[in-house]
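Q: One structure is given below, represented as structure tokens, and several questions about it will come after.
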Ligand SMILES: Cc1cc2nc3c(=O)[nH]c(=O)nc-3n(C[C@H](O)[C@H](O)[C@H](O)COP(=O)(O)OP(=O)(O)OC[C@H]3O[C@@H](n4cnc5c(N)ncnc54)[C@H](O)[C@@H]3O)c2cc1C
């Protein structure tokens, strides 16, 4: 059995200081970290409990009309907060599609951002091949069970996907992650927060050692009238996404003024479908345009033996999510 020390951080500075100790990790709700520790995937020496730090558990408005969600806000509280429900319904839907109500009551926004992949080979230490767990050991999923795995942006080192629903909505909304670390505070645009695997699949994000996530900022709400989060999964609840789509539109009558589309369940990070967005921007939202845009979004897909179905599934999910965001019924390509 490994010995672990536990300490409660009273404030941000104390947490950042404590994190400088060897083997220290922050613990939020613990819903991911404790599972990883029980499975022997992560072996921290010191747990720095950040849940008693004041001032990080609220949702406030920003001068530009956006909102700031504290890193310690529980997923349930964020999903049900009036500002989120009314101004960012896409995010509320994404939160509510994740995990179970018990888990959402515990899970924090900061922890959700850093939850690790659900690849079975990563979680099961009986498999010696996992570059994410042990760099250079190989990737068992490449030739193994890869139904849930990536079809975009993967490398020969890792084909795992990011499992967070919240993060897919945050990607579409162009959120900004605020962090505090030994070198001070900084803000990370959401597109730069999570990483593609490349040859360092063990590194999930661009967070630097010892940095504490303090909040997530959302820009002025311009998509509240037209957005939809669609999650396609094996069970109707309590299951990770096979494919998910966060669609947000600014409509000008029947014409799309601005489209934002992000995909989940397809890549190592929430995947912005920029080519599809460009094909929709400024165009009348016809079924033909939408079908072309959905096809463009998956043009670079490289499916594995077990997940070829995801390409068409993702295209159809984009069509359905965008139609629903526009206030039209269903509409499968
Ligand atoms: C059975 C099950 C089903 C699930 N289904 C889904 C699902 O369908 N969709 C979905 O999106 N999620 C799902 N989840 C994942 C769940 O959303 C995450 O476990 C949760 O969001 C993690 O938040 P936490 O506060 O508990 O993080 P913790 O477990 O406390 O921490 C996770 C990681 O984040 C780090 N960390 C935490 N807070 C901070 C911070 N402020 N700054 C820096 N580092 C920090 C920790 O050190 C750790 O590395 C599921 C989980 C389980 C167990």
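The values are calculated or read from the model by the stated rules, or taken from the named source; none is laboratory data. Just so it is clear, the model here is predicted, and its values are computed rather than measured. Cβ sites come from the backbone with ideal geometry, for glycine too, and all protein chains shown count toward neighbours.
Q: List the pairs whose first member sits in the stretch 47-68 and is on the phi > 0 side of the Ramachandran plot, whose second member is more than 13 Å from the ligand (Cβ to nearest atom), and whose Cβ atoms are under 6 Å apart, counting only residues at least 6 apart or on separate chains?
A: 65/220
Q: Could you list, in sequence order, all residues of the stretch 90-124 that are more than 12 Å from the ligand (Cβ to nearest atom), more than 16 Å from the chain's Cα centre (by Cα), part of a helix (DSSP H, G or I) and touching a residue at least 40 places away in the same chain (Cβ under 8 Å)?
A: If the condition is that a residue be more than 12 Å from the ligand (Cβ to nearest atom), more than 16 Å from the chain's Cα centre (by Cα), part of a helix (DSSP H, G or I) and touching a residue at least 40 places away in the same chain (Cβ under 8 Å), then 122 is the only one that fits.
Q: Limited to the stretch 134-185, what total is found for residues that are in contact with a helix residue (DSSP H, G or I) (Cβ under 7 Å, 6 or more places away or on another chain) and within 14 Å of the ligand (Cβ to nearest atom)?
A: 12
Q: Then there's this: For residues in the stretch 286-305 being under 11 Å from residue 319 (Cα atoms) and touching a residue at least 40 places away in the same chain (Cβ under 8 Å), which is surrounded by the most Cβ atoms within 10 Å (Cβ to Cβ)?
A: 290
Q: Touching a helix residue (DSSP H, G or I) at 6+ places or on another chain (Cβ under 7 Å), modelled with pLDDT of 95 or more, within 11 Å of the ligand (Cβ to nearest atom) and in a helix (DSSP H, G or I) - does that describe any residue in the stretch 17-24?
A: no
Q: Something else now. If residue 191 satisfies every condition in (1) more than 25 Å from residue 238 (Cβ to Cβ); (2) within 13 Å of the ligand (Cβ to nearest atom); (3) outside any loop (DSSP other than H, G, I, E, B); (4) touching a residue at least 40 places away in the same chain (Cβ under 8 Å) but one, which is the exception?
A: (2)
Q: Across the stretch 136-154, what is the total count of residues that are surrounded by fewer than 17 Cβ atoms within 10 Å (Cβ to Cβ) and closer than 12 Å to residue 199 by Cβ?
A: 1
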